[in-house]
Amino acid sequence: MAVSESGSPESTAGSAQALLLAADGIEKSFGRGWWPGRPRTPVLRGAELVLRPGEVVGLAGENGSGKSTLMKILVGDLRADAGSVRRPRRLGYCPQQPVVYDRLTCDEHFELFGRAYRMSPEVAHRSRGHLYAALGFERYAGTRADRLSGGTLAKLNLGLALLADPEVLLLDEPYAGFDWDTYLRFWEIVAQRRQAGRSVLIISHFVADEQRFDRIVDLREGRTVPR
Ligand SMILES: Nc1ncnc2c1ncn2[C@@H]1O[C@H](COP(=O)(O)OP(=O)(O)OP(=O)(O)O)[C@@H](O)[C@H]1O
Ligand SMILES: [Mg+2]
C-alpha cells in the first residue's frame, strides 16, 4: 500500500536511458458515500508510465477512464492508494480545469507564477514575452482572467505551465478549446520541446493526429496499455 515518492528519477539504477518521470503500480479507488465501510470504486489498477527526454507521449482513454486521476497523481496533487511516482525537480502541469485567479490579469498571473518558480524578474519577463508571441495572446496581457474567452484562458493555463521551461510538461486536454491556428501553434511548441530534450505528456479522450506523438498509451480498465 505504500506510495513512495522521490525527486530524482534520473538516478534509476540500471535504466538504459534516463527517465524524467517514472510511475509504477499506481492504484486508486474512490469511495461512494461518506459512511464507514462504504463501497469503493477502483479507477486505477496498476497503471504505469515513464517519460524519457525528448519524448512526446499521448495518454488516451474514454471519458471517466481515469486519465485526470492519473495525471493528478503524477503531479502530486492526489495521493495514490499504492504505487510509486518519481518526478523531476521541475514539472509543468496544465490541469483540465484551469486554476486561475479571477481578478488577476494575464501579466499578473505570470508575475505571480514567476515568483513561485523563483525565476528572476528578467528571465520571467522574457519567457512571458515568448509565450505571448508563441500562443498569440499578447493583446490580453492586461485583461482579468474572468473576462477571458475559454480559448484564451486555455492559453494562459498552458503558458503558466510552460513559464519555467520544465523538464516535463503534463497537459490534461490542452487543446480542447483551441482554434485551428492555435492548435498548430501548440504543436510547434511541443516540437520545440522535443528538440530541446524536454518531455511532454498529453492527455486526450481522443487522439486526432497520432503521427504527432512518439508513442501513445491507452488507459483501459485502470491499466495502461501501449498502443
Ligand atoms: N474526487 C473524486 N471522488 C469520487 N470519484 C471521483 C473523483 N475524481 C474522479 N472520480 C471518478 O473517477 C473516474 C475517473 O475520473 P477522471 O476524471 O480521472 O476521468 P477522465 O478519464 O479524466 O475523464 P474525462 O475524459 O471526462 O476527462 C470517474 O468515474 C469519476 O467519476
Ligand atoms: Mg479528465
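Data for the structure
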quantity: Residue count for the range 97-111, restricted to those that are modelled with pLDDT under 95 and surrounded by 15 or more Cβ atoms within 10 Å (Cβ to Cβ); calculated: 2
quantity: Yes/no for TYR101 being of a type in the set (Phe, Trp, Tyr) and within 16 Å of ligand 1 (Cβ to nearest atom); calculated: no
quantity: Selected residue [in contact (Cβ under 8 Å) with a residue 24 or more places away in the chain and of a type in the set (Asp, Glu)] from ASP81, ASP77; calculated: ASP81
quantity: Every residue from the range 142-183 that is of a type in the set (Asp, Glu) and over 14 Å from GLN97 (Cα atoms); calculated: ASP165, GLU167, ASP179, ASP181
quantity: Top-ranked residue of the range 107-133 - restricted to ones that are without any contact (Cβ under 8 Å) to a residue 40 or more places away in the chain and not in a helix (DSSP H, G or I), ranked as farthest from GLY92 (Cα to Cα); calculated: SER120
quantity: Enumeration of residues in the range 134-175 that are within 14 Å of the chain's Cα centre (by Cα), of a type in the set (A, V, I, L, M, F, W, C) and not in a helix (DSSP H, G or I); calculated: LEU163, ALA164, VAL168, LEU169, LEU170, LEU171
quantity: The listed residue being of a type outside the set (Val, Ile, Thr), crowded, with 18+ Cβ neighbours inside 10 Å and either over 20 Å from ALA154 (Cα atoms) or more than 16 Å from ligand 2 (Cβ to nearest atom) (or both), out of GLY54, GLY25, GLY37, GLY114; calculated: GLY114
quantity: Residue list for the range 21-52, filter: assigned to a loop (DSSP other than H, G, I, E, B) and at pLDDT below 95; calculated: ARG32, GLY33, TRP34, TRP35, PRO36, GLY37, ARG38, PRO39
quantity: Every residue from the range 181-217 that is part of a strand (DSSP E or B) and of a type outside the set (D, E, K, R); calculated: SER199, VAL200, LEU201, ILE202, ILE203, SER204, ILE216, VAL217
quantity: Residues being of a type outside the set (A, V, I, L, M), crowded, with 16+ Cβ neighbours inside 10 Å and within 15 Å of ARG185 (Cα to Cα) - total across the range 129-150; calculated: 2
quantity: Considering residues of the range 151-179 that are within 16 Å of ligand 1 (Cβ to nearest atom) and either over 18 Å from VAL200 (Cα atoms) or among the aromatic types (Phe, Trp, Tyr) (or both) only, the residue surrounded by the most Cβ atoms within 10 Å (Cβ to Cβ); calculated: TYR175
quantity: Conditions (1) buried (at least 17 other Cβ atoms within 10 Å of the Cβ); (2) assigned to a loop (DSSP other than H, G, I, E, B): number failed by ASP77; calculated: (1)
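The values are calculated or read from the model by the stated rules, or taken from the named source; none is laboratory data. Because the structure is predicted, anything quoted here is derived from the model rather than measured. Positions of Cβ are generated from backbone atoms using ideal geometry, with glycine treated the same way; all protein chains shown enter the neighbour counts.
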